[in-house]
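The values are calculated or read from the model by the stated rules, or taken from the named source; none is laboratory data. This structure is a prediction, so every number in the text was calculated from the model and none was measured. Using ideal geometry, Cβ is built from the backbone for each residue, glycine included, and neighbour counts are taken over all protein chains shown.
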Amino acid sequence: MANLGLKRAVLYIIALGMFWALGIMPCLAQTFSTGVAPDPEVLVSQPRPSDSNYGINMEETLVNIKAVDAPALHTANGKTAIGSEERYGQGIIIDYDGIIATNRHVIGNARHIYVALYAGRIVEAYVLRNSQADLCLIKVNVPFPLRAISLADPSQIQTGIKVIAIANAGFNPQRVLGGQVIKVFKGMSSNNVEMLEMNIPLKAGDSGGPILNEEGSLLGLIMGKKISDPSKSYAISLNRIEQEYLDYRNSILD
């Protein structure tokens, strides 16, 4: 158990080192120790953006996520006890079959993943793909089709476009923040945009929230804020999300 916890800590430090090298601090999900965390209902207690203002399917496609790690030793206020660490973040449904995009640092190596769907239904999810790009695809199985967020045209993604971020740090009512893309980062072997830099200030706990265009279509996923300038932030681009989704689809067809 201790060795497993040490390995996870090492992997986490390595991941943070990669972010630090790029000048990025992940918008870490809110974390609570067992016995201190809010009841599961906190997943569904927050107001959601209105469909009429942010796209006709925004309200039904935005989800809240709770990830619970395996029990391990935790130290707080000088006392050590065994408990399960819990993290809270957001995600967005990208496939009507129940596939959700969120951050890898929200999910980590969680033993249980709970997703709060629209109208208060909480279901358990499982991991489909965990990407090195701080992107994770998870899935819920429900006996009814879900609504998927509309996707923007990736060719729209360029410096200067206006964007909207849906953020939810600290279980406060979700904040709708506006800004612009001030820089795009492209892959080494392609012209596809991998990451966006925006002039939107984000907080720890905003992880996994969607970045939208003015029509309410998905452009990216909240990832982190700039270390040297907290008024700027980063998002995983729609190109990267789509590629991960296509890789998953191709893998199940092989």
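Wholly within segment 174-240, which strands (runs of 3 or more DSSP E) include no fewer than the required count, namely at least 1 residues that are charged (D, E, K, R), touching a Leu at 6+ places or on another chain (Cβ under 9 Å) and in contact (Cβ under 8 Å) with a residue 24 or more places away in the chain?
Result: 175-186, 218-226.
If Ile56 satisfies all but one of (1) modelled with pLDDT of 75 or more; (2) farther than 20 Å from Ser207 by Cα, what's the number of the condition it fails?
(1)
Can you find a residue that is part of a strand (DSSP E or B) and within 13 Å of the chain's Cα centre (by Cα) anywhere in segment 67-81?
yes
Out of all the residues in segment 134-147, which are surrounded by 15 or more Cβ atoms within 10 Å (Cβ to Cβ) and either closer than 21 Å to Asp69 by Cα or of a type in the set (S, T, N, Q) (or both)?
Asp134, Leu135, Cys136, Leu137, Ile138, Lys139, Val140
Considering only residues of segment 152-173 that are at pLDDT below 85 and part of a loop (DSSP other than H, G, I, E, B), which is nearest to Gly91 (Cα to Cα)?
For segment 152-173, the residue satisfying everything is Asn168.
Each row is one residue, and each column tells you yes or no for (1) surrounded by 20 or more Cβ atoms within 10 Å (Cβ to Cβ); (2) touching a Cys at 6+ places or on another chain (Cβ under 7 Å); (3) under 21 Å from Met223 (Cβ atoms).
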{"residue": "Val68", "(1), (2), (3)": "no, no, no"}
{"residue": "Leu73", "(1), (2), (3)": "no, no, no"}
{"residue": "Asn77", "(1), (2), (3)": "no, no, no"}
{"residue": "Thr102", "(1), (2), (3)": "yes, yes, yes"}
{"residue": "Asn109", "(1), (2), (3)": "no, no, yes"}
{"residue": "Gly120", "(1), (2), (3)": "no, no, no"}
{"residue": "Glu124", "(1), (2), (3)": "no, no, no"}
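From the list Ile82, Ile99, Ile107, Ile93, which one is over 26 Å from Leu238 (Cβ atoms) and not assigned by TED's automatic domain parsing to the domain that holds Gly187? Quick ask: steps written out before the conclusion?
On the way: Ile99 fails: over 26 Å from Leu238 (Cβ atoms); Ile107 fails: over 26 Å from Leu238 (Cβ atoms); Ile93 fails: over 26 Å from Leu238 (Cβ atoms).
After applying the criteria, what remains is Ile82.
Applying the selection to segment 173-223, what residues are of a type in the set (Lys, Arg) and over 19 Å from the mean Cα position of the chain (by Cα)?
Initial filter on segment 173-223 (of a type in the set (Lys, Arg)): 175, 183, 186, 203.
Scanning segment 173-223 gives Lys183, Lys186.
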